[in-house]
Amino acid sequence: MGRPVWMAMAGVVLCCSLAAGAPTNLDNVYCWQELGYCVRYPVDWMPTRPNDYTLMLSGKPGSQAYYATVTIASFASTTMGGRYETTQALLNAYKCDLVSGSPVVCVDSSDSPNGTGYIAEFSRDGETFRQWRVVVARADGKVFHSWAFTSPVDLYPTYRPIAEAMYGSWTLDGTASSTGPGSAETGAGISVLFEVRDRIGRLSTCNSDSDLSLGRCHVLSYSLNITSPGYVALSLVLERGQWLLATLYDPSGKRVAFRPGNVNDVYTGAHAVSPGTYTIMVVPQLFTAESEFELTAYFSAREFSVDELAALYGPRSRYIQR
């Protein structure tokens, strides 16, 4: 991450004084009217919007606070066409995302000050982080807001009070006209065109790469009827460690989109399509692969992003839990 090197001796962390650099006054206010909230933050922190439903606040580059982040993300509930029915369902999705991204994760739900939440400690890129996350519902129940404070573990005690003060300043009016993901601005018109849960098994004729190339392994085929021009994307969720390949072909047999099993992202991008009968093929990518899977095709009249799909239908990295 490019942070200054810290030295540890006899269990004591030695570095410059962090307390002196930690901000204490929340003199700035950020209001996202479309999503219906305002939050106060320190004057030497910076707000950024990585997408249409997420606000990230952190210190300026070059400061220690740069590595401490507060992130607020907003998701449509199922009543507005979103993926999550309850705040707990959204929280569980975040937990699964943590587990898929780090081999060692410790989750403790006892240290969350308010709402549905947890404290987690995990490793990424050789560094250990601590995260406090809370998920709350807007007053009308149509939108869920996720609040998260994340930092390296050595900075966590210094900036946790700042994050708590920011959390305390966070106001939700519940009356905004937009609904976040799923609104006209983000996710509008993205619908599930096809959805199936099935299984690729290991056939007795499938014992080598040659058998795989000769079509002797398990193959499943599904028809997809598209009635109007638009854009289509796929998602394929597998059991952990298994590789299956899902491919979308147009009526002429030309490949339109594919989701290989050797990538973490469950979604493909959106691809332009015309009316017609399309085919989705699911095959093992290795002759040893066998897995249950969830295959979904999404359609919209307009082009859409993978981030919009993740906001509506679940994290980009997840697995079937058996």
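The values are calculated or read from the model by the stated rules, or taken from the named source; none is laboratory data. Values in this document were obtained by computation on a predicted structure and should not be read as measured data. Positions of Cβ are backbone-derived with ideal geometry, glycine not excepted, and every protein chain shown enters the neighbour counts.
Please work out which one of (1) surrounded by fewer than 17 Cβ atoms within 10 Å (Cβ to Cβ); (2) closer than 18 Å to Val192 by Cβ; (3) in the same structural domain as Asn207 (by TED's automatic domain parsing) is the condition Ile320 fails and give its number.
(3)
Kindly list, by first and then second residue, each pair from a residue in the stretch 158-176 that is more than 17 Å from Ser74 (Cα to Cα) and among the small types (Gly, Ala, Ser) to a residue that is surrounded by 14 or more Cβ atoms within 10 Å (Cβ to Cβ) and at pLDDT 90 or above, limited to pairs with Cβ atoms under 6 Å and residues at least 6 apart or on different chains.
Every condition considered, the pairs that remain are Ala163/Val70; Ala163/Phe149.
Look through Tyr231, Tyr298, Tyr249 and report the one residue that is of a type outside the set (A, V, I, L, M, F, W, C) and at pLDDT 95 or above.
Numbers: Tyr231 fails: at pLDDT 95 or above; Tyr298 fails: at pLDDT 95 or above.
On inspection, the qualifying residue turns out to be Tyr249.
Please determine, by comparing only the residues of the stretch 151-189 that are within 14 Å of Tyr53 (Cα to Cα) and not polar (S, T, N, Q), which one is modelled with the highest pLDDT.
Filtering the stretch 151-189 for residues that are within 14 Å of Tyr53 (Cα to Cα) and not polar (S, T, N, Q), the one modelled with the highest pLDDT comes out as Ala188.
Within the group Tyr278, Tyr231, Tyr267, which residue is surrounded by 17 or more Cβ atoms within 10 Å (Cβ to Cβ), under 20 Å from the mean Cα position of the chain (by Cα) and not basic (Lys, Arg)? Break it down stepwise before answering.
Details: Tyr278 fails: under 20 Å from the mean Cα position of the chain (by Cα); Tyr231 fails: under 20 Å from the mean Cα position of the chain (by Cα).
On inspection, the qualifying residue turns out to be Tyr267.
Checking the conditions here, which among Pro23, Pro61 is part of a loop (DSSP other than H, G, I, E, B), closer than 16 Å to Leu155 by Cα and at pLDDT below 80?
Working: Pro61 fails: at pLDDT below 80.
Of Pro23, Pro61, the one residue that is part of a loop (DSSP other than H, G, I, E, B), closer than 16 Å to Leu155 by Cα and at pLDDT below 80 is Pro23.
Quick check on Tyr313: is it touching a residue at least 60 places away in the same chain (Cβ under 8 Å) and crowded, with 18+ Cβ neighbours inside 10 Å?
Numbers: touching a residue at least 60 places away in the same chain (Cβ under 8 Å): yes; crowded, with 18+ Cβ neighbours inside 10 Å: yes.
Here the answer is yes, as Tyr313 does meet what is asked.
For the stretch 200-243, enumerate the residues that are in contact (Cβ under 8 Å) with a residue 24 or more places away in the chain, under 17 Å from Val283 (Cβ atoms) and among the polar types (S, T, N, Q). Don't jump to the end; show me each part of the working.
We begin by selecting, within the stretch 200-243, every residue in contact (Cβ under 8 Å) with a residue 24 or more places away in the chain; these are 200-202, 206-209, 211-212, 217-240, 242-243.
Filter once more, keeping what is under 17 Å from Val283 (Cβ atoms): 200-202, 206-209, 211-212, 217-224, 234-239, 242-243.
Selection gives Asn207, Ser208, Ser221, Ser223, Ser235, Gln242.
Let me spell it out: the conditions are (1) within 28 Å of the chain's Cα centre (by Cα); (2) surrounded by 14 or more Cβ atoms within 10 Å (Cβ to Cβ), and Asp211 meets all of them except one. Which number is the exception?
(1)
In the same structural domain as Phe144 (by TED's automatic domain parsing), surrounded by 13 or more Cβ atoms within 10 Å (Cβ to Cβ), at pLDDT 85 or above and under 23 Å from Val237 (Cβ atoms): is that true of Thr71 in this structure? So that I can check it myself, show each step before the final result.
Numbers: in the same structural domain as Phe144 (by TED's automatic domain parsing): yes; surrounded by 13 or more Cβ atoms within 10 Å (Cβ to Cβ): yes; at pLDDT 85 or above: yes; under 23 Å from Val237 (Cβ atoms): no.
So Thr71 fails the test.
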